[in-house]
Every structure is written in C-alpha cells, then in structure tokens.
Amino acid sequence: MRKPELAAAVADRTGLTREKASEVITAFTDQISAAAARGEDVTLIGFGTFNIRSRDARDGRNPQTGATIRIPASKTVGFKAGKALKEQVT
C-alpha cells in the first residue's frame, strides 16, 4: 500500500477528504522522523515501536575486488511490531 492508497483508506474510514487525510499522514510521518532525528523512541501501543539502533564500525569486503574495506559506525531506524500487530499478521 502506498501513501495515496493509505490516504484514501483513512479518508473513507474517518470521513475526511483525501487531501486532509494525506496531510494528517504527512504530519504523522514528519513527527516520527523528527523524534528519530532527536534520538527518541516512538511507541504506538498495540502497533509497535520505532527506535534508533547503533551499528558498530566493522570490516567488510568489496564483492567485486575482494578487498577489505572499513565500514564506519552508523545509526538506523528499527521497528519492533507490537503484540496486536503480531496477532493480526499470524
């Protein structure tokens, strides 16, 4: 499901226009992104938790040449599904 399809589904369920539902979805994702940029977790009870995960620096290999390269430390966003979401999927 892409954003326009999600906006249409939210609009149908809430009675909002598709444009207003799209604005709500954009505001929602902007707030999650802003919290992640600050290093904060975002927990939606029953749905899941978005959190920042740190990866240590490590050695890797260039698959074309086989040369060893140093992969720098990095941060990424992780998601852990909540109980209710897990139950709906299984």
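The values are calculated or read from the model by the stated rules, or taken from the named source; none is laboratory data. Remember, predicted model here, so these are calculated numbers, not experimental data. Because the Cβ atoms are built from the backbone with ideal geometry, glycine has one as well, and the counts that use them run over all protein chains shown. Heads up: the accessible areas ignore ligands, DNA and RNA and are worked out on the full protein's heavy atoms, side chains in. Shrake-Rupley method; radii C 1.70, N 1.55, O 1.52, S 1.80 Å.
Structure notes:
- Extreme residue, least open to solvent (accessible area, probe 1.4 Å), among residues of the stretch 71-90 that are part of a loop (DSSP other than H, G, I, E, B) and over 19 Å from Phe28 (Cα atoms): Ala73
- Taking the stretch 10-70 and the strands (runs of 3 or more DSSP E) fully enclosed by it, the elements with 3 or more residues that are in contact with a strand residue (DSSP E or B) (Cβ under 7 Å, 6 or more places away or on another chain) and surrounded by 13 or more Cβ atoms within 10 Å (Cβ to Cβ) are at 48-55.
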